[in-house]
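Peer 1: There's a structure below that I have some questions on.
The values are calculated or read from the model by the stated rules, or taken from the named source; none is laboratory data. Every value quoted in this text rests on a predicted model; they were computed, and no experiment measured them. So basically every Cβ, Gly included, is an ideal-geometry build from the backbone, and we count neighbours across all protein chains shown.
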Amino acid sequence: MNPMKITTADRIKALPPYVFARLDELKARAREQGLDLIDLGMGNPDGFAPQPVIDSAIEAFKNPLNHGYPPFEGTANFRKAITNWYHRRYNVHLDPDSEALPLIGSKEGLSHLAMAYINPGDVVLVPNPAYPAHFRGPLIAGGKIHSLNLCAANDWLIDLGAIPDEVAAQAKMLYFNYPSNPTTAVAPREFFEEIVAFAKKHEILLVHDLCYAELAFDGYQPTSLLEIPGAKDIGVEFHTLSKTYNMAGWRVGFVVGNNQVIQGLRTLKTNLDYGIFSVLQTAAETALQLPDSYLQDVQTRYRDRRDFMIKGLGELGWDIPKSQATMYLWIPCPVGISSTDFALKVLQETGVVFTPGNAFGSCGEGYVRISLIAENDRLGEALNRLKKAGIKYSL
């Protein structure tokens, strides 16, 4: 008897290869060969979550009421902690009952939002390069991606004036992310004012991913979309606890903003999941209430790593401007070698993992992203390996 042929849905076949999964395969193979990897690929923070967060989770575990299904809309206490944090941080007032929704990490919410609001054939505006969930979610939902091509000459900012009127008229949603992953670009408040006006003019839902809200340096403070008057009428903003609080594996995030959009996403999620384990929501409340001194320590740590790597790469020929935010460096590849080939060369010859820029879209070609997720001694070892292998900006 012949085995039944099982095929995936067309929506899965249409997805481009997920580079991070491919990188995991290559890393596993390298480890099997005995390489001591220094993994600066994924944005996976090193170290523990803050001790008060761990302590609150331990205490919450002891409450039997926390071991049942959580509320679909998240616990009232966590939602209130979210809106209090927003008011404290941005002076933005939000209703915890209708304008805030906890998520099983922001990636889940970003992807599910597309399923809630995109019909097959709907046009979605997405920067290129971008965090993969910004275009993969709409693709899975059947959306038609219109790439907003970014470049260094424009400081990796979206050029709203370059979007054709006929495309803007058809567009239903626009994803964007400043401070940016992968480019580390930041956007001034004036840009946010312009994009809100653009979205209102063309009736486009704005989806802003403020993942790196707290990872900013040298006095820079990222802008929240919701600080802009009228933004709540046409937009939502996503956050994660993964980066700032070293809670990537805990899978906790949230979305805030337009109550109708929040309700639509909530309706979808009630049919797909049961929300976040209540214990983790209690811990997340604690995280959002930590004193500013904790945030200053985190910012100092990443700033020092940034400066250390920029200095070391400078000795190898790279002239890299200091990024004002995120946990990354976005560096050009040596002339004449592609992003993928350069990342593979570095991995195979040194055991150091970078992410090829084309993992984030075609306009990321010619760059690699370096995650600052190791202490300076390991970063120094990575730099020494590059030097010994003769890897520099001009190969």
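Peer 1: For segment 184-218, name all the residues that are in a loop (DSSP other than H, G, I, E, B), within 19 Å of Asp304 (Cα to Cα) and in contact with a helix residue (DSSP H, G or I) (Cβ under 8 Å, 6 or more places away or on another chain).
Peer 2: Hits for segment 184-218 are Ala213, Glu214, Leu215, Phe217, Asp218.
Peer 1: Then there is this: In segment 17-44, what count of residues is obtained for those that are under 30 Å from Ala325 (Cβ atoms) and in contact (Cβ under 8 Å) with a residue 24 or more places away in the chain?
Peer 2: Of the residues in segment 17-44, 14 are under 30 Å from Ala325 (Cβ atoms) and in contact (Cβ under 8 Å) with a residue 24 or more places away in the chain.
Peer 1: If you check Val261, Val298, Val255, which single one turns out to be closer than 24 Å to Leu372 by Cβ and among the hydrophobic types (A, V, I, L, M, F, W, C)?
Peer 2: It is Val298.
Peer 1: Among the residues of segment 97-106, are any β-branched (Val, Ile, Thr), in contact with a strand residue (DSSP E or B) (Cβ under 6 Å, 6 or more places away or on another chain), under 20 Å from Tyr18 (Cβ atoms) and assigned to a loop (DSSP other than H, G, I, E, B)? Walk me through how you get there before you give the answer.
Peer 2: Looking only at segment 97-106, we keep the residues that are β-branched (Val, Ile, Thr), and these are 104.
Still in the running and in contact with a strand residue (DSSP E or B) (Cβ under 6 Å, 6 or more places away or on another chain): none.
No: zero hits.
Peer 1: Among the residues of segment 25-65, write down those that are part of a loop (DSSP other than H, G, I, E, B) and over 23 Å from the mean Cα position of the chain (by Cα).
Peer 2: Matches in segment 25-65: Gln33, Gly34, Leu35, Asp36, Leu37, Lys62, Asn63.
Peer 1: Would you call Ser111 within 16 Å of Glu237 (Cα to Cα), touching a residue at least 24 places away in the same chain (Cβ under 8 Å) and crowded, with 21+ Cβ neighbours inside 10 Å?
Peer 2: no
Quick grid of which residues meet (1) surrounded by fewer than 22 Cβ atoms within 10 Å (Cβ to Cβ); (2) assigned by TED's automatic domain parsing to the domain that holds Arg369; (3) not in a loop (DSSP other than H, G, I, E, B):
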residue	(1), (2), (3)
Gln281	no, no, yes
Asp297	yes, yes, yes
Tyr302	no, yes, yes
Ser323	no, yes, no
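Peer 1: Do any residues in segment 60-72 that are assigned by TED's automatic domain parsing to the domain that holds Thr282 and in contact (Cβ under 8 Å) with a residue 24 or more places away in the chain have Cβ atoms under 8 Å from those of residues that are surrounded by fewer than 15 Cβ atoms within 10 Å (Cβ to Cβ) and not in a loop (DSSP other than H, G, I, E, B), where the two are at least six apart or on different chains, and which pairs are they?
Peer 2: Qualifying pairs under 8 Å: Phe72/Thr270.
Peer 1: Is it the case that segment 373-388 has a residue that's closer than 21 Å to Gln33 by Cα and crowded, with 21+ Cβ neighbours inside 10 Å?
Peer 2: Taking segment 373-388 first, the residues closer than 21 Å to Gln33 by Cα are 378, 381-382, 384-386, 388.
Okay, now just the ones that are also crowded, with 21+ Cβ neighbours inside 10 Å, so 382.
Yes, because at least one residue in segment 373-388 is closer than 21 Å to Gln33 by Cα and crowded, with 21+ Cβ neighbours inside 10 Å.
Peer 1: Another one. Quick one: in segment 117-151, of everything that is assigned to a helix (DSSP H, G or I) and under 20 Å from the mean Cα position of the chain (by Cα), which residue is surrounded by the fewest Cβ atoms within 10 Å (Cβ to Cβ)?
Peer 2: Restricting to residues being assigned to a helix (DSSP H, G or I) and under 20 Å from the mean Cα position of the chain (by Cα), the top hit is Ile140.
Peer 1: Only one of Gly317, Gly336 is more than 24 Å from the chain's Cα centre (by Cα) and modelled with pLDDT of 95 or more. Can you tell me which?
Peer 2: Going through Gly317, Gly336 in turn, just one is more than 24 Å from the chain's Cα centre (by Cα) and modelled with pLDDT of 95 or more: Gly317.
Peer 1: Here's something else I'd like to know. Quick check on my filter: what residues within segment 225-274 are within 28 Å of Leu329 (Cβ to Cβ) and either free of Cβ contacts under 8 Å to residues at least 60 places away in the same chain or more than 15 Å from the chain's Cα centre (by Cα) (or both)?
Peer 2: Across segment 225-274, the qualifying residues are Leu225, Glu227, Glu237, Leu241, Thr244, Gly249, Trp250.
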